[in-house]
1. Taking the Cα centre of the stretch 62-216 as origin, sum charge times position over the Cβ atoms of Lys and Arg (+1) and Asp and Glu (-1), and report the length of that vector in debye to the nearest 20.
2. Grab the other residues whose beta carbon is less than 13 angstrom from that of Glu25, score K and R as +1, D and E as -1, and report the net.
3. Calculate the dipole size of the stretch 141-216 relative to its Cα centre from +1 charges on Lys and Arg beta carbons and -1 charges on Asp and Glu beta carbons; express the result in debye to the nearest 20.
4. Sequence-distant or interchain residues sharing an amide H contact under 5 Å with Gly33, placed H: which?
5. Work out the charge dipole of the stretch 1-81 with +1 on the Cβ of Lys and Arg and -1 on the Cβ of Asp and Glu about the Cα centre, then indicate which of Ala69, Ser80, Pro39 is farthest towards its positive end.
6. Would you compute, from DSSP H runs of 4+ residues alone, the mean residue ellipticity of the chain at 222 nm, taking -39500 (n - 2.57) per run and dividing by the full residue count, rounded to the nearest 500?
7. Connecting C-alpha atoms closer than 10 Å in a GNM of the chain, tell me which of Trp162, Trp85, Trp130 has the biggest fluctuation.
8. Taking Rg and Dmax of the Cα atoms in Å as the quantity of interest, determine which of (i) 19.4, 59; (ii) 16.6, 46; (iii) 18.3, 58 was computed from the displayed structure.
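The values are calculated or read from the model by the stated rules, or taken from the named source; none is laboratory data. What you see is a predicted model; the values in this text were computed from it and never measured. Counting neighbours? That spans all protein chains shown, and the Cβs are built from the backbone with ideal geometry, glycine included. Accessible surface is based on the protein model in full, side chains and every heavy atom, while ligands, DNA and RNA are left aside. Shrake-Rupley method; radii C 1.70, N 1.55, O 1.52, S 1.80 Å.
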Amino acid sequence: MQEVGPVHRHMRRLLGRMLAGIDYESVLDVGCGAGHNLPLLCSGRALRRVAGADISVEALKRAQARSSAEFVQLDIETGSLDDSWDLVFSSLVLEHLPADGDALRNMRAMCRRHLVVTTIAGNFERYRAWDEQMGHVRNYRRGELEEKVRQAGFRVAEVVYWGFPFYSPLVRVLQNRATAEPSYGTGTRVLAGVLYRLYFLNSHSRGDLLILRAEV
C-alpha cells in the first residue's frame with residue numbers, strides 16, 4: 001500500500017509540492033515505519049541530519065535496512081527526544097493515537113521551524129468498518145486538527161483537504177465492504193493504477209486526505 005496505493009502516491013505528490021516551499025537542513029520522521037517517506041524528505045537536498053523514530057522495533061529494523069539515517073525507538077504519545085530538528089514530519093500516524101494532543105506537544109518540543117503532518121479526515125462512524133481494520137481511532141473533523149496543532153504551540157501555515165469525490169466518499173464507502181490485504185496481488189495493482197489516474201480529478205480543497213504544514 002505504501003508503494004503502489006493510489007492515495008499514498010498522490011499524498012507523496014502533494015507533499016513534494018508542499019516541501020518544495022520550505023527550507024530545512026535537518027528532519028525527523030515521527031512514526032517512520034519502514035522508512036518509505038525518507039527519500040521524499042531528502043529529495044534534492046543536502047541535509048545535515050536525517051532521523052526516524054517509531055514505537056516498533058521491527059519497523060526500525062526494516063528502516064535501517066533501507067536507509068543510513070539515524071533511527072531511535074520512541075512512543076510519541078508519552079515522550080520526546082532531547083534534541084530538535086528544522087522539520088518534524090509525521091505521516092498517517094495521528095489517526096492511530098488516542099493521545100494525539102500529547103503527541104503534537106511532543107513533536108513541538110523537538111521542532112525548530114516546521115511541522116508537516118498527514119492524516120485522515122471525515123466521518124469516522126461512516127467509515128468505521130475499514131478504519132478499524134487500519135487501526136484508526138479517529139478521523140478528523142474539518143478544523144479539528146488545525147485547532148489541536150495551535151494548542152500544541154504551532155501556527156498553521158497551509159492546509160490541504162484532498163480526495164473528493166472519487167477517493168472520498170466513493171472509494172472510502174466501498175472499502176467498508178473490503179478486507180485489508182497484507183500485500184497487493186496483480187489484480188489489486190492494476191486497480192490501484194487505474195484509481196491513481198482517476199484521482200487526478202479529485203478536489204484539492206475538499207476530501208478526507210488531510211495534509212497540514214505549521215510553523216513554530
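1. Approximately 580 debye in magnitude.
2. Within the 13 Å Cβ shell, the charges total +3.
3. 120 debye
4. Amide H to amide H, under 5 Å and 5 or more residues apart or across chains, Gly33 pairs with nothing.
5. Final value for the positive-end residue is Pro39.
6. Calculated mean residue ellipticity at 222 nm is -9000 deg cm²/dmol.
7. Of the options given, Trp130 has the highest mean-square fluctuation.
8. (ii)
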